[in-house]
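Notes to accompany the following structure.
The values are calculated or read from the model by the stated rules, or taken from the named source; none is laboratory data. What you see is a predicted model, and the numbers here were worked out from it, not measured in a lab. Virtual Cβ from ideal backbone geometry, glycine too; neighbours counted across all protein chains shown.
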Amino acid sequence: MRLTRYFLPIMKDTPSEASIASHRLMLRAGMIRQSSAGIYSWLPMGFKVLQRLEQIVHEEQMRAGHIPMLMPTLQSADLWKESGRYDDYGKEMLRITDRHGRDMLYGPTNEELITDIFRNAVNSYKELPKTLYHIQWKFRDEVRPRFGVMRGREFYMKDGYSFDVDEAGALHSYNRHLVSYLRTYERMGLKAIPMKADTGPIGGDHSHEFLVLAETGESEVFYDSQVMDMELGDREVDFDDAAQCQGIFDEFTTPYARTDETHDEAKFNDVPEDRRMSARGIEVGQIFYFGTKYSESMGAEVVMPDGSRKPVEMGSHGIGVSRLIGALIEANHDGKGIIWPESVAPFRVGLVNLRQGDEAADAACESLYAGLVKAGLDPLYDDRDERAGAKFASMDLIGCPWRITVGPRGLKNGVVELTSRRTGETIEVSPEAALERCIEIYADVQ
Ligand code: 5CA
């Protein structure tokens, strides 16, 4: 993309309504604009990151054997009356009446709708297990929407629903989700720690939240420092292998890690003192196993081998896709702006022309730009007629992981600069070598 043709409304001044770094930077870098409290338009660069995260979530869900679909944002209230949650959900639910006087609502989550789809389509134990998921906008009329996309009223969420014949199957589904989530966050360059959680209005007694440590996080967390060293990495996972998924679940959930909601001081004190940590965290996902809570109230049953009918065992599993962008920026920024991990960067390489209009600089940039595009590196070429300082400031704010700087002086010696946004380290190399190096860097980035 050439910056002169793009839509990137960068703000020079720090917006006063934003109190945390990610919110400030998303506004300043032209990623989002507030439309009303807790509701945002996603400008092109914000949308690009959102799509990138969505793609990673889809790939990892499908790798785990989960089936993508799409449900609507507006739901009929009838199903929620059936499950009993229409009254329970309270003021967080946005209730709407259509022209025929029918009660509708903007879905805050989808347990009821998916259970209805399931009960009308599935009849036999033979059709199980199944996990269906979608990535869709949700609405929760939060009392205090704040911190930009972190606590929005409208937000983008992946929600998946597992259906199993028995508890053992449902626990395998639960563990499979935990493993696939670990992989999802790691791919995004994030350390998200699974912590034992409360189930809240979703219900059930088995739940874990995934927390990214950040000073601005809304949850207080307590953990054994050992959890910081755990990594799924690129180990081979067979998601159908219940024992393997259980093993990974045990590995990642045995060390103490809880939010203030489930914190147990006595248990925490069993952790050696020098490993006892407390901090703040951002909840970027949550998984639940709630058994037959919805299948029983809504009659989602299957016929078993002996002819009896049995309500299915269910779980629901969410990832806060839009919130993740805030969490990613909280975990990856400095005084100058965002520092995207390579896997989620909106543009993988920034190209800065120090002297727009200089024949040699323009030609070298065009050639590099074409090479980067051809290599699939999605460059952002700052081809504006601006001072070098302004171009660097914009690139630092936007946070492309790598920047190639081209100027007439360097070109006289046959070199351009390749700079890491994260470390600031710069090397001088030929334009061809800079391109080669970028291709190498991204070769392993999925
Ligand atoms: N039905 C279940 C799982 S599918 C559910 O709704 N879970 S949840 O309430 O925990 O939401 C899932 C994730 O959505 C959370 O972990 C969080 O990352 C994100 N989320 C929840 N509320 C908001 C909000 N107001 N703004 C942004 N993200 C949110």
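Here Tyr133 meets each of (1) within 11 Å of the ligand (Cβ to nearest atom); (2) in contact with a strand residue (DSSP E or B) (Cβ under 9 Å, 6 or more places away or on another chain); (3) within 25 Å of Ala37 (Cα to Cα) with one exception, condition (3).
Only one of the listed residues (Cys365, Cys400) is of a type in the set (A, V, I, L, M, F, W, C), at pLDDT 95 or above, closer than 30 Å to Phe147 by Cα and not assigned by TED's automatic domain parsing to the domain that holds Pro44. That residue is Cys400.
Every residue, every condition in (1) over 30 Å from Tyr174 (Cβ atoms); (2) within 21 Å of the chain's Cα centre (by Cα); (3) outside the structural domain of Ser162 (by TED's automatic domain parsing); (4) not basic (Lys, Arg), yes or no:
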residue	(1), (2), (3), (4)
Ile39	yes, yes, no, yes
Glu54	no, yes, no, yes
Ser83	no, no, no, yes
Asp88	no, no, no, yes
Gly101	yes, no, no, yes
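In region 158-169, the residues that are within 29 Å of Lys138 (Cα to Cα) and not assigned by TED's automatic domain parsing to the domain that holds Glu127 form no Cβ pair under 7 Å with any partner that is away from the ligand (no atom under 16 Å from the Cβ) and part of a helix (DSSP H, G or I), whether six or more places apart or across chains.
Residue-wise test of (1) assigned to a loop (DSSP other than H, G, I, E, B); (2) buried (at least 17 other Cβ atoms within 10 Å of the Cβ).
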site: Leu27; (1), (2): no, yes
site: Ser41; (1), (2): no, no
site: Phe47; (1), (2): no, no
site: Thr109; (1), (2): yes, yes
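Contact map, region 208-225: first residue farther than 28 Å from Ser173 by Cα, second residue near the ligand (Cβ under 10 Å from one of its atoms) and not hydroxyl-bearing (Ser, Thr, Tyr), Cβ cut-off under 6 Å, separation 6 or more or different chains; pairs are Ala214/Ile282; Gly217/Ile282. Evaluate region 189-208: report whether one residue or more is within 13 Å of the ligand (Cβ to nearest atom) and either touching a Gly at 6+ places or on another chain (Cβ under 6 Å) or not assigned by TED's automatic domain parsing to the domain that holds Thr253 (or both). No, region 189-208 has no match at all. Residues in region 413-431 that are touching a residue at least 24 places away in the same chain (Cβ under 8 Å) and farther than 30 Å from Ser22 by Cβ: 2 in all.
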